[in-house]
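The structure under discussion appears below in the form of structure tokens.
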Ligand code: GUN
């Protein structure tokens with residue numbers, strides 16, 4: 001039987017509508033809306049496209065949205081001062097500095113300067129620590145892993161006691177999704193293996209997985225024969241493998257491929273995310289949730 005296709009596009013709609021209701025309620029009951037500032041340095045096309053989507057989504061939800069675009073030659077000191085000005089601004093609950101930054105700026109120094117209680121990306125070491133502690137300590141889980149967990153839960157996949165295998169050990173996906181999946185509580189309690197480029201028999205590890213999360217950045221890395229029949233497969237890969245002309249807009253767009261051979265894998269898996277339209281749409285959705293939660297923490301509702 002072909003797999004259940006886990007549509008991030010559909011789940012995003014449901015979550016955004018839940019968030020919109022909450023924003024309206026907060027505005028009516030507490031006279032406040034979540035405030036997000038997006039800081040973009042330079043004009044990298046991919047970064048511009050991400051930031052544009054973040055701004056649009058925030059505005060559609062009724063957030064206060066402040067956009068700060070800076071030239072690529074901004075000094076590190078000026079960027080630090082800009083971040084600091086939003087640390088002090090009470091109408092702003094989330095500060096997002098779009099990465100990558102130009103080479104003359106130390107990314108880590110900038111991320112460390114963001115108030116951890118406004119770090120809605122969840123990249124600050126304080127939030128990495130909170131995630132590792134788990135439970136009520138977790139304030140802002142990083143957006144892509146939080147989105148993956150949401151997809152798994154909303155698809156009705158049982159995580160408790162499941163064998164989960166994560167392929168990839170990055171700070172923004174592999175490590176945090178492993179933490180979320182083995183944490184105590186709903187969407188957690190899995191037994192997690194983290195595999196990486198030095199793992200000896202990757203195929204064998206994948207074959208054991210009830211939940212397989214692949215974030216390796218290698219197109220078609222996971223072969224259909226590596227998938228346990230009925231497993232939940234989450235493909236985080238977004239690999240540009242060529243270009244095509246969009247039928248809708250007539251513009252040239254990238255052809256994207258995941259880390260899993262989707263067409264064959266869907267005949268074996270129990271549930272699977274497509275690329276595009278799986279994990280991708282969830283990242284901005286979770287950024288919005290983190291920003292809303294930041295306001296809720298501030299006014300004592302969380
Ligand atoms: N660049 C690519 N993805 C992200 C993200 O999730 N957050 C930030 N700040 N920059 C990014």
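Tell me, please, whether a residue that is away from the ligand (no atom under 15 Å from the Cβ), modelled with pLDDT of 95 or more and within 23 Å of residue 20 (Cβ to Cβ) can be found in region 50-58.
Looking only at region 50-58, we keep the residues that are away from the ligand (no atom under 15 Å from the Cβ), and these are 56.
Adding the requirement that they be modelled with pLDDT of 95 or more leaves 56.
Next cut, within 23 Å of residue 20 (Cβ to Cβ) only: 56.
Checked against the condition, which is being away from the ligand (no atom under 15 Å from the Cβ), modelled with pLDDT of 95 or more and within 23 Å of residue 20 (Cβ to Cβ), region 50-58 yields at least one hit.
Determine if region 70-84 includes at least one residue that is more than 14 Å from the ligand (Cβ to nearest atom) and part of a strand (DSSP E or B).
At the first step, the residues of region 70-84 found to be more than 14 Å from the ligand (Cβ to nearest atom) are 70-78, 80-82, 84.
Those still in the list that are part of a strand (DSSP E or B) too: 70.
Yes - at least one qualifying residue is present in region 70-84.
Based on this model, can you work out whether residue 103 counts as touching a residue at least 60 places away in the same chain (Cβ under 8 Å), within 16 Å of the ligand (Cβ to nearest atom) and over 15 Å from the mean Cα position of the chain (by Cα)? Explain how you work it out, then say what you get.
Values: touching a residue at least 60 places away in the same chain (Cβ under 8 Å): no; within 16 Å of the ligand (Cβ to nearest atom): yes; over 15 Å from the mean Cα position of the chain (by Cα): yes.
Taking the combined requirement at face value, the residue does not satisfy it.
What number goes with the only condition from (1) touching a helix residue (DSSP H, G or I) at 6+ places or on another chain (Cβ under 6 Å); (2) in contact (Cβ under 8 Å) with a residue 40 or more places away in the chain; (3) more than 16 Å from the ligand (Cβ to nearest atom); (4) under 21 Å from residue 132 (Cβ atoms) that residue 147 does not pass?
It is condition (3) that residue 147 fails.
Answer with yes or no whether residue 160 is within 16 Å of the ligand (Cβ to nearest atom) and either assigned to a loop (DSSP other than H, G, I, E, B) or surrounded by 14 or more Cβ atoms within 10 Å (Cβ to Cβ) (or both). Break it down into steps so the answer makes sense when it comes.
Working: within 16 Å of the ligand (Cβ to nearest atom): no; either assigned to a loop (DSSP other than H, G, I, E, B) or surrounded by 14 or more Cβ atoms within 10 Å (Cβ to Cβ) (or both): yes.
No; evaluated as a whole, the condition is false for this residue.
Looking at residue 141, is it crowded, with 22+ Cβ neighbours inside 10 Å, in a loop (DSSP other than H, G, I, E, B) and in contact (Cβ under 8 Å) with a residue 40 or more places away in the chain? Give the derivation first.
Values: crowded, with 22+ Cβ neighbours inside 10 Å: yes; in a loop (DSSP other than H, G, I, E, B): yes; in contact (Cβ under 8 Å) with a residue 40 or more places away in the chain: yes.
Yes; evaluated as a whole, the condition is true for this residue.
Within region 266-280, which residues are surrounded by fewer than 23 Cβ atoms within 10 Å (Cβ to Cβ) and in contact with a helix residue (DSSP H, G or I) (Cβ under 8 Å, 6 or more places away or on another chain)? Break it down into steps so the answer makes sense when it comes.
Taking region 266-280 first, the residues surrounded by fewer than 23 Cβ atoms within 10 Å (Cβ to Cβ) are 266-268, 270-271, 274-277, 280.
Passing the criteria: 267, 268, 274, 275, 277, 280.
Which residues, taken from region 172-187, are under 22 Å from residue 125 (Cα atoms) and free of Cβ contacts under 8 Å to residues at least 60 places away in the same chain? I'd like the intermediate steps shown before the answer.
As a first pass, look at region 172-187 and keep what is under 22 Å from residue 125 (Cα atoms): 172-184.
Within region 172-187, 172, 174, 175, 176, 177, 178, 179, 180, 181, 182, 183, 184 qualify.
For region 176-186, state whether one or more residues are modelled with pLDDT of 95 or more, within 15 Å of the ligand (Cβ to nearest atom), in a helix (DSSP H, G or I) and buried (at least 17 other Cβ atoms within 10 Å of the Cβ).
First pass over region 176-186, keeping only residues modelled with pLDDT of 95 or more: 176-186.
Next cut, within 15 Å of the ligand (Cβ to nearest atom) only: 176-177.
Subset that is in a helix (DSSP H, G or I): 176-177.
Filter again for buried (at least 17 other Cβ atoms within 10 Å of the Cβ), leaving 176-177.
Within region 176-186, one or more residues are modelled with pLDDT of 95 or more, within 15 Å of the ligand (Cβ to nearest atom), in a helix (DSSP H, G or I) and buried (at least 17 other Cβ atoms within 10 Å of the Cβ).
For residue 131, are the conditions met, namely being modelled with pLDDT of 95 or more, closer than 28 Å to residue 15 by Cα and within 13 Å of the ligand (Cβ to nearest atom)? Talk me through it step by step, then tell me what you get.
Values: modelled with pLDDT of 95 or more: yes; closer than 28 Å to residue 15 by Cα: yes; within 13 Å of the ligand (Cβ to nearest atom): no.
In short, no.
Listed here are the residues, each with its yes/no results for (1) within 16 Å of the ligand (Cβ to nearest atom); (2) in contact (Cβ under 8 Å) with a residue 60 or more places away in the chain; (3) under 30 Å from residue 86 (Cβ atoms); (4) buried (at least 24 other Cβ atoms within 10 Å of the Cβ).
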{"residue": "115", "(1), (2), (3), (4)": "yes, no, yes, no"}
{"residue": "124", "(1), (2), (3), (4)": "yes, no, yes, no"}
{"residue": "193", "(1), (2), (3), (4)": "no, no, no, no"}
{"residue": "200", "(1), (2), (3), (4)": "no, no, no, no"}
{"residue": "206", "(1), (2), (3), (4)": "no, no, no, yes"}
{"residue": "218", "(1), (2), (3), (4)": "no, no, no, no"}
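If you check 8, 31, 94, 42, which single one turns out to be at positive phi and within 16 Å of the ligand (Cβ to nearest atom)? Quick ask: steps written out before the conclusion?
Values: 8 fails: at positive phi; 31 fails: within 16 Å of the ligand (Cβ to nearest atom); 94 fails: at positive phi.
On inspection, the qualifying residue turns out to be 42.
The values are calculated or read from the model by the stated rules, or taken from the named source; none is laboratory data. All figures in this text were calculated on a predicted structure; none of them were measured in a lab. Cβ atoms come from the backbone with ideal geometry, glycine included; neighbour counts cover every protein chain shown.
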